[in-house]
1. Any idea how far the Cα center of region A:190-217 sits from the one of region A:87-160, in Å?
2. Whose amide H sits under 5 Å from the amide H of A:Ile414, counting only residues 5 or more places off or on another chain, with H placed in the peptide plane?
3. Give the order of A:Ile74, A:Ile376, B:Ile39, B:Ile72 when sorted by the count of other beta carbons within 10 angstrom, beginning with the fewest.
4. Send over the per residue convex hull volume for the protein assembly as shown, Cα only, as a whole number of Å³.
5. Taking the beta-carbon count within 10 Å as an exposure proxy, list A:Asp12, A:Asp393, A:Asp364 from fewest neighbours to most.
6. Arrange A:Ser298, A:Ser143 by Cβ neighbour counts within 10 Å, fewest through most, would you?
7. Using the structure shown, list the pairs from A:Lys336/A:Lys371; A:Lys336/A:Lys416; A:Lys36/A:Lys416; A:Lys371/A:Lys449; A:Lys36/A:Lys449; A:Lys149/A:Lys449 with a Cα-Cα distance above 31 Å, or answer none.
8. Relative to the Cα centre, what is the charge dipole magnitude of region A:354-418, using +1 at the beta carbon of each Lys and Arg, -1 at the beta carbon of each Asp and Glu, and rounding to the nearest 20 debye?
Amino acid sequence: MTLATSFFQDDDFIQAMYIVAFTLFILGLRGVTSPKTARRGNVTAAVGMAVAVIATLLIPEVGDYGLIAVGVAIGTAIGVPAARSVQMTQMPQMVALFNGVGGGAVALIAWAEFRKSGGDLPLEEGVPILFAAIIGSISFWGSNIAFGKLQEILPGRPIQLPGQQFVNGALLLIAIACAVAIAAGSEAELLFLVILVAAALLGNMFVLPIGGADMPVVISLLNAFTGLSAAAAGIALDNTALIVGGILVGASGSILTNLMAEAMSRSIPAIVAGGFGGVDLTSGSGEDGRPVRSTDASDAAIQLAYARRVVVTPGYGMAVAQAQHAVREMAAELEKRGVEVVYAIHPVAGRMPGHMNVLLAEADVPYEQLKEMDDINPELPQIDVALVIGANDTVNPEAGMPIIDVQRCGQVIILKRSMSAGFAGIDNPLFYNENTALLFGDAKESVAKVTGEVQEL
Amino acid sequence: MDLVTEIAILVLGAFVGFEVISKIPNTLHTPLMSATNAIHGIVLLGGLLVIGEVDGAFNKLILVIAIAFGTINVVGGFLVTDRMLEMFSKKPEPKAKADE
C-alpha cells in the first residue's frame, strides 16, 4: 500500500499528470476554434483541469483538505447556479465576473505567499509574486467595473476623470516602486498592501473611462492579464501546470483582444487611453431635434413581403427584447412568399464578438443564413430592405468603426424602442436618412405585428 | 525547478497559445474567450498548494477565499462555455447527433 501511495505521490508521477493536463488544454483550445469540435474541445479542457486538480491534491505537501473542501464547496455553490441560470444575453457580464474572480484568486494567493515568507522572498520568487499581485488585482477590479457597466449598474458611457492618465501613471509607478522596494529587500507588509490597493485603484480607473462599446475588448484584455498573472504565480510556486495554463490564456487572450480591436478599427492603446475613439460625445445630443420618419407594422410588412432580398441586422436590443424567435418566425413567413432573408452579423453585435451568432443559433436560425459583416457589405446595394432590429452602434456611420452599411440598401426599417443613443452614446445620423423609416416599440411586439401583417397580405 | 527551465516553458507555452488559436471564425470568439477564461481558473492550484503551508487564521481565510474564487472561475467558466456551445452543436443535422 505504501508503495502505491508513494508512487502516486511521486513528483515524477505528478509532473506526468500535469503534462497530460496541459496537453488536454491545448487540444481543447484547438477544438474550440472550429464549430464542429468546439463543444468536445471545451469538455477536453475541463477534463484537463480535473486532472491538474487531482494531481495537485496528491502532492504530499498539500494539506488542510478540510479547508480546501470548504473553499471548493463555496465556489461550486456560487459558480454552478450562476453559470446555469445566466441568460444568453448576459453572457459577457458573466465572463467578466468569472475573469474577475480568477484575477482576485491570483492576487490573494500572491498575498498569502508573501505573508508565508514573512516578506523575505528570493528574487526569482519575489518578482513573479509581485507581478501576479499587481496584475491580478488590476484584473479583479477592472473586471468588476466591466461587469458593472455591462449590467448597467454603472453608466455605460465613458466616465472621464480629470487628469486620469496622470493618475493612472502615478498609481502604476507607486505599485512598481513598492514592488521594487520589496524585491530590494524590504520586508514590510504595508508595502505589499499599498501595491494591492494601488493596483485595485488602477483597475477601477483603467476601466471606468472606457465606453460600453469597447467593453468586449477590455474583458478580453483583462482575460489575457489574468492568464499572465496565473503564469507568474506558477513560476513563483514552481508549478508547470499553472505556468502553461496561464501563459496559454495570456497568449490566446492577447490574440483575441487584437482580433476584436481590429474588427472595430480601434487600437488597443486608444481604447486604454479612454473615451470612445476621438468622437466628441457632447456634439451628438445636439442633433436630437432633427425629424425622423416613422412607419407602422403594416407598411413595413408590405415593404418586406414585396422585397426580393431582405437583410436582418440584429443588435443587442433584439436580444434584450428576446425577439430572436419572433424574428425567425417572421423570416419563415417571408421565405414562404419567396423573399430571400439573410442575417448580417456585425463582429461585435451583441456585446462580444460572436454573441449574436449564439443568440440566433438558440432561436434555430439556419447557420448558412448568417453572414459576416465583410461578406454582406458588398452585397448591400442589391438588397431591397434592411431590417435593423435593436442595433444602433453597429450600423452607425459615425460610430468610428467598420459597420454594416445598411444605408446602401434600398430601404432601411429600424425597429427601436425610443430615440435614445446606443450603448456607445453616439447619435446615429442613419435615423435621419431619407430612405430610413423607424418603427417604434418593443422589438418582439413589433416583429410579431409585422409577421401578422405579412400573413394577411 | 530552476528559473531558466520555467522561463523556457513559459516562452514555448506562449507560442503554442498563439499558434493554436490564431485562426478562428468570428462566431467562436465569445465561446473561445469563455473557454480560455475557464482555463486560467487553474490558479486554483496555487490556492491548493499554499493553504497547507501557511499558519494563522487570516492566511487560511485569504486562501479559502482564493480557492473559492478559483473554483467559481473553473466550474462556472466551463459550464457557461458548454451552454454557449450546446447551441452550435444541436444546429446542423439532427442525424449527426444520433450517430454519436
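Bear in mind that the values in this text are calculations on the coordinates, not laboratory data. For clarity, every value in this text was computed on a predicted model and none was experimentally measured. Every residue, glycine as well, gets a Cβ built from its backbone with ideal geometry; the counts of neighbours run over all protein chains shown.
1. Region A:190-217 and region A:87-160 have Cα centres separated by 9 Å.
2. Hits under the 5 Å cutoff: A:Val388, A:Ala437, A:Leu438, A:Leu439.
3. Least crowded to most crowded, the residues run A:Ile74, A:Ile376, B:Ile72, B:Ile39.
4. Normalising the Cα hull of the protein assembly as shown by residue number yields 143 Å³.
5. Listing A:Asp12, A:Asp393, A:Asp364 from fewest to most nearby Cβ atoms yields A:Asp12, A:Asp364, A:Asp393.
6. Ordered by Cβ neighbours within 10 Å, fewest first: A:Ser298, A:Ser143.
7. A:Lys36/A:Lys416; A:Lys36/A:Lys449; A:Lys149/A:Lys449
8. In debye, rounded to 20, region A:354-418 gives about 320.
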